[in-house]
1. Just to be sure, is C:Glu65 surrounded by 21 or more Cβ atoms within 10 Å (Cβ to Cβ) and over 29 Å from A:Leu334 (Cα atoms)?
2. Having 2 or more residues that are among the small types (Gly, Ala, Ser) is the bar; report the helices (runs of 4 or more DSSP H) wholly within segment A:99-169 that clear it.
3. Quick check on my filter: what residues within segment C:202-217 are assigned to a loop (DSSP other than H, G, I, E, B), more than 16 Å from C:Asp287 (Cα to Cα) and in contact with a helix residue (DSSP H, G or I) (Cβ under 7 Å, 6 or more places away or on another chain)?
4. Could you grab the pairs with beta carbons closer than 7 Å, sequence gap of 6+ or different chains, first residue in segment B:184-200 and more than 7 Å from chain A (Cβ to nearest Cβ), second one among the polar types (S, T, N, Q) and open to solvent by 10 Å² or more (accessible area, probe 1.4 Å)?
5. Quickly run through segment B:307-332 and pick out the residues that are at the interface with another protein chain (Cβ under 9 Å from one of its Cβ atoms) and in contact with a Phe, Trp or Tyr (Cβ under 8 Å, 6 or more places away or on another chain).
6. Can you name every residue in segment B:333-365 that is within 12 Å of chain A (Cβ to nearest Cβ), closer than 24 Å to B:Asp17 by Cα and of a type in the set (S, T, N, Q)?
7. Need a quick list: helices (runs of 4 or more DSSP H) entirely within segment B:1-93 having at least 2 residues that are closer than 30 Å to B:Thr301 by Cα and away from chain A (no Cβ under 14 Å).
8. Restricting the search to segment C:272-297, which residues are of a type outside the set (Ser, Thr, Tyr), loosely packed, with under 15 Cβ neighbours inside 10 Å and not in a helix (DSSP H, G or I)?
Amino acid sequence: MDHQPFFAALQRIYPKERLLTKGVQLLAYESDALTSFQTKPSAVVIPESQDEVIETVRLCHQFGVPYVARGSGTSLSGGSLPIENGIVIALNRLNRIKKLDPEQRIAVVEPGVVNLQISQAADRYNLYYAPDPSSQSVCTIGGNVAFNSGGAHCLKYGMTSNHILGLKVVLADGEVVEFGSESLEGVGVGPDLIGLFVGSEGLFGVALEITVRLLPKPELYRTVLAAYNDLETAGNAVAMVVASGLLPGAMEIMDRLSIKAAESAVDAGYPENAAALLIVELEGESEQVETEFEEIMDVIKESGSYEIRVAKDAEQRLRIWKGRKGAFSSVGRLSPDYVVQDGVVPRSHLGKALAEIDRLSQEYGLDVANVFHAGDGNLHPLILFNGREEGALEHAEELAGKILKMCVELGGSITGEHGVGMEKRNYMPAMFSEVDLETMKTIRRQVDPKEISNPGKMFPGGEAPALKMTGMHPLEAKGIISRE
Amino acid sequence: MSLQPTTLEELQSIVKDNQGLLPIGGGTKPALSTAFNGATRLDMSRLSGIIEYEPGEYTFTAYAGTPVRTIVAALAEHGQYLPFDPPLIEQGATLGGVIAANTAGSGRYRYGGVRDFIIGVRFVDGQGQLVRGGGKVVKNAAGFDLPKFMVGSAGRFGAFVDVSFKVFPEPRAYVTLKAVFASLGPALEAIYSLFTAPNEMDVLDLESLDDGRFGLLMRLGGLSTALPGRVERLQAFLNTKTEVLSNEVIQAEADAALWQQVNGFSWVPDGSHFAKVPISPKRIPLLENVLLSLNPSRRYTAGGNVAWLAVSDIEQLDMLLNKLNLPGLVLFGPPGRPFIGPRPGVSLARRVKQALDPSGKFLEI
Amino acid sequence: MQHRIDIKKYGPRGEAMAEAIQSCVHCGFCLAACPTYKVLGEEMDSPRGRIYLMKEVLEENLTVEEAQPYLDRCLGCIGCMPACPSGVRYDELIVSYRAFSEPKRKRSLMDNMARRMIAETLPYPNRFRAAVASGKVGKLFKGAMPEKLGAMMGLVPADLPEDKPLPPIYPAKGRRRARVALLSGCVQTVLNPDINWATVRVLSENGVETVIPQEQGCCGSIMMHIGEEERAKKLARQNLQVFVPDEVDAIITNAAGCGSGMKEYGLLFKGLSEEAEAEKFAEKVQDISVFLDSLGLKPPAELREPLTVVYQDACHLLHAQGIRSAPRNLLSSIPGLTLLELGDDGLCCGSAGTYNIEQPEIAHQLGQRKVQHVLNTGAQAVVSGNIGCLTQIQSHLANRGVSLPLYHTIELLDWAYRRKAQT
């Protein structure tokens, strides 16, 4: 297939500083936060308007060129990995907050807006955007929508999907569709298209404009740290809190390795030498929180914790969360390589799951650091390995696979919030039947008949290969572009 | 014609052998559940019962034909509940019907509606295949979120077999505060100030009273020891930050009875047509303006984000909604046209329909 | 992040570079803290992207020339380091990489000329003063001069203050509490000699005797920063000879960049005979604010009139040396002074050593951004612990036609003490 017209058309849309084709530029985009996968795209385009995105997607459809839309590239599942012979649509400059209406508690934003910037903009109205993935200071809302991102505080008010009211998207074949509204009810009438689009991992198209709901900032937080001598007791403490009928805003557990890593990055004030640390945070109206706090302290005191600390001010609370949110990356201090998993188990099976992970860790001779959203059973085992050793990555991935299968066997899921992406696509059959997967693929093909929108993600074994560009591009031959 | 499968296999063969199917649960929303134009009733009421309920997990899985009241009763035994107040429980609404119609009562305000609590679905698609989406755990990002997609799908994409929900611990006590305002303007202003206030409410309903006055109903749930203080504080807030005329505290049985009436739609006049219209609070004055001539019984739930309108003629309402560019869903009214007003995004819905039901076994979307 | 760098190839600094690259997990947390990423929004212009490109060059998949434009745009502000949960030593990486890449790159004749002029002018107060004097002439012939030099001249005031050399020793008042040596610096002494005088006076007020070695010169930090390693070593060696760390409690600097640079002397001389000596020197280096804050300040007098100031964190204090509370503590101890925060997450003002000269466009955007934040606070004056920031902010305020007084932290303290002396 001749791609000169495609590149020529891109050149008509983008000035050369927004159409990156030099090898050095493309290299910088070849990985997201999962560096075990690298693919150099053919080009990176940097649109500055919705129209440019729409035109680009239409061109891709016309010429059968695959693309991935990318925000800050913080995906831990390889979700924003470029596609070979495809282009990257970098949405970072579509970063306007188009509307912030405190009276209706909504904001209308473009996909390149950083998650935390919404809360910062809403702060003066005493509002915030609730979903808080650990990378919230950098990750974009477009990426959050694509992967239905979660975070530590999703226990009470849900994940990204629960906070999206309206979407304007360009589907993979170039049709622009709007659904949902500024109403809290969102779609409200007819099938919930927002539910379908959020978490579709970019397989349907690109979100251009996103209406999010904002919440009033909790008046009071009570953040409790409880230290335990073993993980299982901490896991049981979670079950006790859940059973008490209280609804904390967040409930997290970190194990010895992750505490050590986080403490070395941030002076978070975690109790030293704890085998397991439980973080419970209550949030809300002060009278209610104070009363809940008394109750929860009773529960925790009964749970076998040997040391309980309560954050005494906002700064201490922030440090606790900074340590927790940087935990994955700080594990980089312990080991140059690790695999992060994101499996979910039913909450009552937490203790069992942790024991099994421990057993597998010993069987494989690999350290596993555990840091997880205990309140909703979302595990994040980090399997440490040394990539320099022959076969080490494969060995670690085999262990990761066993953990995921255990999660499914316990009635859980292979991913709670990171998405399937590249990394977990081969485990989808453990969770879904052939019919389930085939049905999802059929829906995908109805929306994206040429399978050009982020192909290769989510489904096992990839999809029908996208049309390939072969040979030297005429513009390349003339020295106008270079792909290397 | 009416067909009533009692097993999954029967359901699958019915779908394979028939056309024009309309899955029906308790039949409490006649505009959605009345077969018309030769459509076939697919009565799902025999696929009923709770399959799995682990109170410690705060999740359950049940057949879609299970009456919601069965669920509510089972949950209540363990101090748990579906926070979105599924309506028409006493009348026999089923889980499947609540999902297909996307109906949520006043409790939708704080934690969200049906879409925010459904976590898994198994359904038989237009080719008679059993398809699963989602799962049984509260957090799950694997595959397309078909459970959410099915919320509001009105039986157009397949017949639900069983569904999984997450649930919450029910507040141990409730109190309702009813505040009266001279007109719509100050009532809406009060909503806007409450939106950014720290006071937490499970319900924030707006209702039209006589003489052009409007009432705000605020329901507070939580620990009983904290409630009196919270109510006082809310009253103080209303007195200082809004133009409230009067307020009244409703407690205990009176509180429970009030919300049962509201969520049972018993305030809707007999024989009227009744529709749900998602709206944003700032558009309420516009809607109120055009509704003047119809003078419907009405109520706005979720802090003025959902309008419930009882009118004498749905056609007129359809016209008005088209003018205002507001989509609506008819619950009580003539069969055959549940969707009124504009249909944003319907082209995408039709593509999914093409994937799930290519030969049109279920009704057109 | 895994790499295949042949460490042996890169001499004593190879290991430091490889280690920094290895500890990066490519999570992207640094993006939000990077000024160039804020302005350009491109992966190549982010810390994570630059680390990746450096890795590719060191692995020999990419040439030095290909990667250079993106590495040149790094301000070296080190804003990424506090944001990095993995503890990547970006400071060591970028300085080492620049030292490695500088001799390998091709520069244009004009570029080389400008660079040489910078390298042979800035570190030498007398030459710099002369250059500025000729700058007045230069402005007339702007078109004929290298563009970068023009940018440099644009920042420099038309009239320079008089030279006021410091004595070899400035005695302590009252009982002697400590003895320190002062780095008098290069550019700052030319642009504002009062800062050094304020420093010795405040030290003296607080019972500290100050030694000012007369043979000292530029600390070499700017040269380290732009990859002129040999020139940096030459300058540093001079100071290693004239400062005697054992005889003082601290080696004091009042310029952020000098402080962070001198703390890296150990790395500069890694594997060389001076390494131990350099380490010893580096350990004694302290910013004036930290020294005074930990010594315990004698209470200053109340200002004549209340003053509201905004404190601008110099990158090389906040990010490179982690100095946040000390200058704030000092300022807050002055009665009558109200301290405001900028609220811009300490994003670099664009001054960054010679960045103004090398990357005028990005420096301009960052300067404008910073000034906007300053104006938003409504402060009556700007305070910072670094002459570079003060100059940059002043020139961008002037661009907007706004004139606000700018002070070094130590100048305000000096004021307060002198007021005390009067009363």
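1. Considered against the rule, which asks whether it is surrounded by 21 or more Cβ atoms within 10 Å (Cβ to Cβ) and over 29 Å from A:Leu334 (Cα atoms), C:Glu65 comes out as no.
2. By residue number, A:115-122, A:141-147.
3. Passing the criteria: C:Pro213, C:Glu215, C:Gln216, C:Gly217.
4. Going by the 7 Å Cβ cut-off, the qualifying pairs are B:Pro186/B:Thr242; B:Glu189/B:Thr242; B:Ala190/B:Thr242; B:Ser193/B:Thr242.
5. B:Pro327, B:Gly328, B:Leu329
6. Result: B:Gln354, single match.
7. B:30-33, B:68-76
8. Once the filter is applied, which keeps residues that are of a type outside the set (Ser, Thr, Tyr), loosely packed, with under 15 Cβ neighbours inside 10 Å and not in a helix (DSSP H, G or I), segment C:272-297 yields C:Leu272, C:Gly296.
The values are calculated or read from the model by the stated rules, or taken from the named source; none is laboratory data. From a predicted model like this one, the values you see are computed outputs, not experimental measurements. We place every Cβ from the backbone using ideal geometry, glycine too, and count neighbours over all the protein chains shown. Areas reflect the complete protein model, heavy atoms only, side chains present, ligands, DNA and RNA absent. Shrake-Rupley method; radii C 1.70, N 1.55, O 1.52, S 1.80 Å.
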